[in-house]
Structures are given as structure tokens and as C-alpha cells.
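Read the structure below first, then the notes.
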């Protein structure tokens with residue numbers, strides 16, 4: 001109930017304050033586990049993605065945020081779970097895989113941190129690892145204009161990316177690098193695109 005209230009409230013703020021537009025919303029599958037992967041330049045980004053899609057999304061967020069008592073209560077209520085970025089956080093990966101196995105939507109920023117320049121950073125392998133181990137597609141999302149308090153925001157949602165060629169195999173570092181590169185390449189294409197259709 002809190003999630004839905006926050007969803008409507010934040011959407012209203014985005015419409016009024018940021019004049020946002022969402023392209024390709026119909027590309028999100030209506031059911032089944034899926035990993036949403038987006039570029040990251042602003043604290044607005046999780047809010048914007050959460051409001052752009054019509055399924056509840058569970059974000060993986062840096063563990064430091066959970067040390068702030070009031071913020072922790074809010075983000076936990078919204079379904080966010082922590083990840084320790086300084087190491088391979090197996091607990092966070094297990095939590096994500098459990099959600100995906102139950103047909104949920106998990107959100108992640110493959111770059112691992114915000115890009116201060118706005119340029120895409122080299123991706124971490126977490127998104128690729130979870131998608132391949134969970135046997136779920138990755139939904140690429142490009143966020144444009146999320147920095148600051150004012151200015152228009154555009155959300156471009158691409159087509160789900162499937163990787164059947166790796167089904168049932170143990171993902172090697174080379175495979176994770178290749179899948180991560182493909183995902184970031186698609187996000188880059190969406191960033192440069194003028195229009196995205198469902």
C-alpha cells in the first residue's frame with residue numbers, strides 16, 4: 001500500500017516538476033522475473049524508473065544508505081535491499097535471484113555508481129551474472145535529464161534482451177563481460193535514440 005501511494009505521489013511530482021516523458025513502456029513484460037538495467041547519473045534515477053514501469057520494482061542499493069535510520073525505513077518499505085559494493089556480495093545476489101525466481105522485477109545500475117560526467121561507465125558484472133543465473137531477460141533503460149531539480153526528464157525503455165545461448169551453462173568472466181557490454185551498448189543506443197516504440 002505504501003509503495004502504491006509513493007508511486008502515485010512521485011509520478012505527480014515528475015509530471016508537474018520535471019515534465020517527464022516515458023517511451024517504450026509497453027516493452028516491459030507483464031509477468032515473469034526480469035532485471036531492469038539503467039544508466040545512473042542522479043539520485044532521481046531509482047524514483048524515475050520505479051514510476052515509469054507499472055510493476056513493482058525491487059532495487060539493489062548501496063549498503064551505506066541503510067545506515068540512515070529514517071531513510072532505511074522508507075527504502076525497506078519500498079522493497080529495496082542492500083548490496084556491499086566493495087566486494088562480491090553473495091547475500092545480495094541470492095536476494096535478487098530469489099525475487100527473480102518468484103517472478104518479480106529487480107532494478108540495478110550496472111555501472112555500480114553514478115556517472116559524474118554523464119558518460120556511460122564501464123559496467124560491473126552483477127547484472128549479467130544475475131540474469132544468466134536466474135534465467136531471466138534484461139530490460140535496458142536509458143535515463144535522460146535526471147540531474148538537478150528542474151528540466152525535462154525522458155525515460156527510454158528498450159526491448160527485453162534474452163540470452164538463450166548461455167542457458168544451463170556456468171557463466172565465465174568472458175561471457176559476463178560480453179553480456180555486460182551488450183547491455184551497456186543497448187543503453188547507449190537508447191540514449192542516442194530520438195524515439196522508442198513499444
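Quick rundown of the values:
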| quantity | calculated |
| --- | --- |
| Highest-first arrangement of 179-188, 132-141, where packing means the average Cβ count within 10 Å | 132-141, 179-188 |
| Volume in Å³ per residue [convex hull over Cα atoms, computed for the range 2-192] | 119 |
| Taking 66, 59 and counting other C-beta atoms within 10 Å, the order from fewest to most | 66, 59 |
| Exposure proxy ranking, count of Cβ atoms within 10 Å, fewest first, for 45, 89, 98 | 98, 89, 45 |
| Between the range 1-22 and the range 140-182, the alpha-carbon center distance in angstrom | 23 |
| Label-to-label distance, nm, for residues given as residue 70 and residue 56 (7 Å Cα→Cβ offset) | 2.5 |
| Using a Förster distance of 25 Å, the FRET efficiency for residue 133-residue 178 (Cβ separation, nearest 0.05) | 0.95 |
| Per-residue Cβ neighbour rank within 10 angstrom, fewest leading, 193, 117 | 117, 193 |
| Length added when fully stretched, residue 170-residue 119, from 0.36 nm per residue minus Cα-Cα | 15.2 nm |
| Over the range 2-192, relative contact order from alpha-carbon pairs under 8 Å, at least 6 apart, % | 31 |
| Spin-label pair residue 21/residue 91, simplified geometry with 7 Å Cα→Cβ offset, distance in nm | 4.4 |
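Throughout, read-outs are computed from the coordinates displayed, never taken from laboratory work. Everything quoted here is computed from the prediction, not taken from an experiment. Neighbour counts are summed over all protein chains in view; Cβ atoms, including those assigned to glycine, are modelled from backbone coordinates with ideal geometry.
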